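Here the structure is laid out as structure tokens; the discussion comes afterwards.
Derivation of every value follows stated rules applied to the coordinates shown; laboratory data play no part. In this text the structure is predicted, and so the values were computed from the model without any measurement. Heads up, the Cβs are rebuilt from the backbone with ideal geometry, glycines too, and the neighbour counts pull from every protein chain shown.
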Amino acid sequence: MEGQELKDGKARVRTILTGPLARGGMVRKRGVSVEDHERFLSRLEARLSYMADDRLSALAEVIERLAGGPMKNIWPAEVSIMNWARDLQEVPASESRLVRSYLQSAAGDAAMSGEWLVELFLHLKRTGTPPNDYAMKCIRDEAMENMRTRLAIEHAREQGRASPRDLAWLDGYMDTRRRCLDIVNAKTARAPA
């Protein structure tokens with residue numbers, strides 16, 4: 001999310017979550033400056049801007065229930081809030097900083113040229129962590145298997161004997177590949193001229 005879309009998303013989070021909680025009595029942690037607390041709220045608003053309104057309302061309830069301090073009115077840590085948010089609504093891959101930066105890096109370029117971009121994307125989305133050596137082997141193995149499956153389905157489709165289930169798998173795979181390419185291509189669109 002960038003530009004006006006991010007501004008609108010932050011405003012929504014402020015209206016549904018941070019504003020009502022602050023008005024309801026949530027306070028900054030002791031020892032945290034007003035400026036640091038404002039930056040904390042601004043980061044939250046940006047990072048949560050992907051969430052749907054009903055999920056933001058649910059998250060506000062969770063934060064209220066799990067607030068810190070003896071009066072249960074101190075903002076929880078950012079990492080806790082983000083983990084609760086992910087439990088309520090997964091960050092879209094295009095919004096995940098890990099997925100975006102990884103696919104737009106040299107590793108993403110290698111995955112694209114090696115034909116394992118989709119499998120890398122699915123790993124990042126599933127685990128939320130960069131792949132280690134073992135995971136990379138599994139990603140490449142899965143990519144080889146998927147390539148064989150893809151070629152077999154395409155061949156069967158050309159001969160008019162592909163099953164609806166196989167065609168649905170192929171459509172899903174190609175949709176995911178397009179999503180990956182959109183993320184990779186966004187790097188080019190943002191690159192300075």
Region 97-190: radius of gyration and largest Cα-Cα distance (Dmax), Å: 14.3, 43
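May I ask you to derive the relative contact order of region 3-88, considering only C-alpha pairs under 8 Å and at least 6 residues apart, and to give it as an integer percent?
Reported relative contact order: 36 percent.
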Qualifying trypsin sites (Lys or Arg not before Pro) in region 9-108, DSSP loop, other Cβ atoms within 10 Å at most 12: R30, K72
Residues C138, C180, sorted so that the one with the fewest Cβ neighbours within 10 Å comes first: C138, C180
Sites K72 and D171, calculated FRET efficiency, Cβ-Cβ separation with R0 30 Å, nearest 0.05: 0.05
For region 120-134, Karplus couplings with θ = phi - 60° (6.51, -1.76, 1.60), whole Hz, Gly/Pro x: 5, 4, 5, 4, 4, 5, 6, 9, x, 9, x, x, 8, 4, 5
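Using r as the Cβ-Cβ distance of Q4 and S113, and R0 as 41 Å, what FRET efficiency do you calculate, to the nearest 0.05?
On the way: r = 35 Å, r/R0 = 0.84.
So, using R0 = 41 Å, E works out to roughly 0.75.
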Taking H37, H123 and counting other C-beta atoms within 10 Å, the order from fewest to most: H37, H123
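Find the Cα radius of gyration of region 3-88, compare it with 2.2 N^0.38 Å by division, and give the number to two decimals.
Numbers: Rg = 12.1 Å, N = 86, 2.2 N^0.38 = 12.0 Å.
Working it through for region 3-88, the quotient is 1.02.
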Mean separation of Cα contacts under 8 Å (6+ apart) over length of region 97-190, as relative contact order %: 36
Inter-probe distance in nm under a simple model that places probes 7 Å from Cα toward Cβ, at D54 and H37: 3.3
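Over the chain, what is the mean sequence separation of C-alpha contacts under 8 Å (at least six apart), divided by residue count, expressed as relative contact order in percent?
Working: 139 pairs, mean separation 32.9, N = 193.
Relative contact order comes out at 17 percent.
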Entry for semi-axes √(5λ) of the Cα gyration tensor in Å (calculated from the structure that is shown) out of (1) 32, 17, 13; (2) 41, 18, 16; (3) 24, 22, 16: (2)
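Quote the FRET efficiency, to the nearest 0.05, computed for E90 versus Q159 with a Förster distance R0 of 35 Å and r equal to the Cβ-Cβ distance. Spell out each step's value before the answer.
Values: r = 39 Å, r/R0 = 1.10.
In this case the efficiency is close to 0.35.
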